[in-house]
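The values are calculated or read from the model by the stated rules, or taken from the named source; none is laboratory data. These figures come from a predicted structure and were not determined experimentally. All Cβ positions, even for glycine, are placed from backbone atoms using ideal geometry, and neighbour counts span all protein chains on display.
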Amino acid sequence: MEGGIPEGHMVLVCGSAGTMKSTLAYYILYHEILEGSSSGLYITLEQSKDNLLTHMKGMGMDSSAVDAKLNILDLSQMRKEILTEDKNMWMDFLSHLIQLIQGVENCKLVVLDSLNALYSLVNFQNPRNELFLFFEKFRDLGTTTFFIAESGSEKVSCGEYGLEDFMCDGIIRLTMRSQGEGFNRYIRCVKMRSSRLDTSFFPLLVTETGFKIIQK
C-alpha cells in the first residue's frame, strides 16, 4: 500500500483460525498509539481482557507502555448473558456500543473482535439493511476501525454474509499454507479504497519484535 491505511477507513481483517488476526489488529493498534498521541479501543467479545493482555505481552507488547491510551472493552461476559436471554436486542446493543466508543477520549482507532461473535448475539431479520446500518454507525464515528472475521477459504468472501466485503473500505486477508511438515503464514491486502496496492500474497513472519512482511 502507498502510505498505509487511510484515516477513517473501515478494514476487514479475515482468515482462518490460527492466522493471528487478533494479534495483527492489536499490533497495529498498539504501535499507532505508542508512536502517536491518539487513543484506541480494543473490543473483545470472545477472549477475556486478562487472557488478551497476557498473550499480547508474550508477543512483546506490554500494556504498561501505552498506559490508559489503549482501552480494552471486555464484552465476553455480556455475550454469555445475552445468549441466555433475548437475542433480539440488536439496536439497543449497537446504540450502547457506539456510546461506549464515543466515551473514549480522543479515540482514533477501534478493533472489534470479532464479527462472528457479534453475529451470534443477533437474529437478523434483514441482514442487508441491518448490516448496512451497523457499518454506517461505525463510519459516522470517523475512527479507523478494524473488524476481525473468521474466513476458512481464500476463495470465498471474508464476511459471513458476503456483504461485509463491499461495505468495508479495505480487506486484509491472512492465511496459512502447508510447507513440508509445517505451515507458513501469508498476508494479502485484497482491497483498500483510495490506495494503490499490490494484491499479491506476501510471506508474513512473526519475530520477537513483531510482524515482518517479506517483500518480493
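Enumerate the pairs (first residue in region 201-214 and within 15 Å of Tyr26 (Cα to Cα); second residue anywhere and part of a loop (DSSP other than H, G, I, E, B) and small (Gly, Ala, Ser)) with beta-carbon separation below 7 Å, excluding pairs fewer than 6 apart on the same chain, so at least 6 apart or on different chains.
These pairs meet every condition: Thr209/Gly60; Gly210/Gly60.
Return yes when Phe138 is aromatic (Phe, Trp, Tyr), more than 26 Å from Pro6 (Cα to Cα) and surrounded by 14 or more Cβ atoms within 10 Å (Cβ to Cβ) and no when it is not. Working first, answer last.
Numbers: aromatic (Phe, Trp, Tyr): yes; more than 26 Å from Pro6 (Cα to Cα): no; surrounded by 14 or more Cβ atoms within 10 Å (Cβ to Cβ): yes.
Judged against the criteria, Phe138 is not a match.
For region 19-35, name all the residues that are farther than 13 Å from Ile187 by Cα and among the small types (Gly, Ala, Ser).
Within region 19-35, Ser22 is the sole residue that qualifies.
To keep it simple, each residue is scored yes or no on (1) touching a Cys at 6+ places or on another chain (Cβ under 6 Å); (2) buried (at least 18 other Cβ atoms within 10 Å of the Cβ); (3) among the small types (Gly, Ala, Ser); (4) touching a residue at least 12 places away in the same chain (Cβ under 8 Å).
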residue	(1), (2), (3), (4)
Glu2	no, no, no, yes
His9	no, yes, no, yes
Gly18	no, no, yes, yes
Ile33	no, yes, no, yes
Ser38	no, no, yes, yes
Gly58	no, no, yes, no
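Could you run through region 163-174 and say how many residues are of a type outside the set (Phe, Trp, Tyr) and either on the phi > 0 side of the Ramachandran plot or surrounded by fewer than 20 Cβ atoms within 10 Å (Cβ to Cβ) (or both)?
So in region 163-174, the residues of a type outside the set (Phe, Trp, Tyr) come out as 163-165, 167-174.
Retained after the next criterion (residues that are either on the phi > 0 side of the Ramachandran plot or surrounded by fewer than 20 Cβ atoms within 10 Å (Cβ to Cβ) (or both)): 163, 165, 167.
Total satisfying the criteria: 3.
Given the condition buried (at least 17 other Cβ atoms within 10 Å of the Cβ), at pLDDT 95 or above and either in contact with a Pro (Cβ under 9 Å, 6 or more places away or on another chain) or of a type in the set (A, V, I, L, M, F, W, C) (or both), answer yes or no: does some residue in region 119-128 qualify?
Taking every residue of region 119-128 in turn, none turns out to be buried (at least 17 other Cβ atoms within 10 Å of the Cβ), at pLDDT 95 or above and either in contact with a Pro (Cβ under 9 Å, 6 or more places away or on another chain) or of a type in the set (A, V, I, L, M, F, W, C) (or both).
Which of (1) touching a residue at least 40 places away in the same chain (Cβ under 8 Å); (2) surrounded by 12 or more Cβ atoms within 10 Å (Cβ to Cβ); (3) farther than 29 Å from Ile214 by Cα; (4) not small (Gly, Ala, Ser) is the odd one out, the single condition Val110 does not satisfy?
(3)
Restricting attention to region 31-61, which residues are more than 22 Å from His96 (Cα to Cα) and either among the polar types (S, T, N, Q) or within 13 Å of the chain's Cα centre (by Cα) (or both)? Talk me through it step by step, then tell me what you get.
In the first step, residues of region 31-61 are kept if they are more than 22 Å from His96 (Cα to Cα); the result is 31-38, 50-61.
Matches in region 31-61: Ser37, Ser38, Asn51, Thr54.
Determine, yes or no, whether Cys189 is touching a helix residue (DSSP H, G or I) at 6+ places or on another chain (Cβ under 6 Å) and closer than 18 Å to Ala25 by Cβ.
Details: touching a helix residue (DSSP H, G or I) at 6+ places or on another chain (Cβ under 6 Å): no; closer than 18 Å to Ala25 by Cβ: yes.
So Cys189 does not fit the description; no.
Just one of the numbered conditions (1) in contact with a helix residue (DSSP H, G or I) (Cβ under 9 Å, 6 or more places away or on another chain); (2) more than 25 Å from Asn126 (Cβ to Cβ) is not true of Cys158; which one?
Tallying (1) in contact with a helix residue (DSSP H, G or I) (Cβ under 9 Å, 6 or more places away or on another chain); (2) more than 25 Å from Asn126 (Cβ to Cβ), Cys158 fails exactly one: (2).
Among the strands (runs of 3 or more DSSP E) contained in region 8-127, which hold 3 or more residues that are among the aromatic types (Phe, Trp, Tyr) and in contact with a helix residue (DSSP H, G or I) (Cβ under 7 Å, 6 or more places away or on another chain)?
Working: elements: 10-15, 39-44, 70-74, 107-113.
Strands (runs of 3 or more DSSP E) meeting the threshold: none at all.
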